[in-house]
Amino acid sequence: MENVSVSDEPGSLPYDAPAGDVTLRSYEAGADAYLQQSPPPGTRVRAYLDQLADLVVAGTVLELGSGPGWDAAYLESRGPRVVRTDAVNAFVDLLLAAGHPARLLDVRVDDFGGPYDAVMANAVLLHLSREQFVDVLGRARCAVAHHGVLAFTVKEGDGERWSRAKLGLPRHFTYWREPELRSALEANGWQVLSLEHVTGRVEPWLFVVARADEKPRRVRPVTDREPGSPMICPPALKPGGRRASAGPSWSS
Ligand SMILES: C[S@@+](CC[C@H](N)C(=O)[O-])C[C@H]1O[C@@H](n2cnc3c(N)ncnc32)[C@H](O)[C@@H]1O
């Protein structure tokens, strides 16, 4: 978990690439700096991971954006097996060098695989646009088994910002409020189990745990979805934002 001081740069500076790409480039170049400034999880994050471990027991958790891998190590000490992933080569290499299986996975475009007992993303989805975030909620729902769990944390607030804290390089953050998070979760097949407001060192956070709802799902391009129709399992977005045609996928 990280805490950053927020710059007052506006949310849409004219970088030469999409905000998510600029952010990933910064992590790639600043992975060592991030590692040095990101200690293992403290009491509050450990309690959150304990909550997840109690739900998953000895099941498998897909971790999105593992970064240095502190949370995965703690979670595995509690029983679950963790599939470590990140979109940044430097973090995946670090995890592999430490003896953990790990793979490159960009949550914006890559398939999650599954089914897993849970999907976890601690301080990761805050780097997505609102549209990308909602897309991930739907694909995470399709990547979990019956009664699967989703656990993620985001920063609480309004709008979006760039920050050079920690890395000295630009990272983009999208802020969330409880009501919009609840609506997005419920619309994408998740029943909220807990949504906690957590005081950070610099900014407030929202810690969310949700469980897959009971509604039936089927595979169909996301754009075909009618309001109130069954939950669908969209394929991953392809680079450039184009969605691959719907193919066979796991279905509960
Ligand atoms: C603030 S760090 C959190 C790392 C770790 N989860 C933790 O709590 O220590 C954000 C992580 O998200 C990863 N990340 C950012 N954008 C991503 C994307 N599009 N797909 C996958 N990982 C991403 C970064 O590489 C970084 O490891």
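All of the numbers you see were taken from the coordinates with simple rules; none came from a lab. Note that the structure is predicted; figures quoted are calculated from it, not measured. No Cβ is skipped: glycine too gets one built from the backbone with ideal geometry, and neighbour counts run over all protein chains shown.
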- request: Among the numbered conditions (1) out of contact with any helix residue (DSSP H, G or I) (no Cβ under 8 Å at 6 or more places or on another chain); (2) among the acidic types (Asp, Glu); (3) more than 27 Å from Pro39 (Cα to Cα), tell me where Asp135 comes up short.
  value: (1)
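Considering each residue of the stretch 61-70, count those that are under 13 Å from the mean Cα position of the chain (by Cα) and near the ligand (Cβ under 10 Å from one of its atoms), and give that number. So that I can check it myself, show each step before the final result.
From the stretch 61-70, those under 13 Å from the mean Cα position of the chain (by Cα) are 61-67; that's our starting set.
Remaining after also requiring near the ligand (Cβ under 10 Å from one of its atoms): 63-67.
Count: 5.
Just need a number here: residues in the stretch 71-91 that are touching a Lys or Arg at 6+ places or on another chain (Cβ under 7 Å), more than 9 Å from the ligand (Cβ to nearest atom) and within 18 Å of Arg25 (Cα to Cα). Break it down stepwise before answering.
Of the stretch 71-91, the ones touching a Lys or Arg at 6+ places or on another chain (Cβ under 7 Å) are 72, 74, 85.
If we keep only those that are more than 9 Å from the ligand (Cβ to nearest atom) as well, we get 74.
Applying the additional criterion that residues be within 18 Å of Arg25 (Cα to Cα) yields none.
So the count comes out to 0.
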- prompt: Of the residues that sit in the stretch 111-136 and are near the ligand (Cβ under 8 Å from one of its atoms) and outside any helix (DSSP H, G or I), which one is nearest to Val88 (Cα to Cα)?
  reply: Val124
field: Yes/no for Ser38 being more than 11 Å from Met120 (Cβ to Cβ), among the hydroxyl-bearing types (Ser, Thr, Tyr) and either within 11 Å of the ligand (Cβ to nearest atom) or surrounded by 19 or more Cβ atoms within 10 Å (Cβ to Cβ) (or both)
entry: yes
query: With respect to the numbered conditions (1) among the charged types (D, E, K, R); (2) buried (at least 20 other Cβ atoms within 10 Å of the Cβ); (3) under 11 Å from the mean Cα position of the chain (by Cα), which one is the sole condition not fulfilled by Asp106?
result: (2)
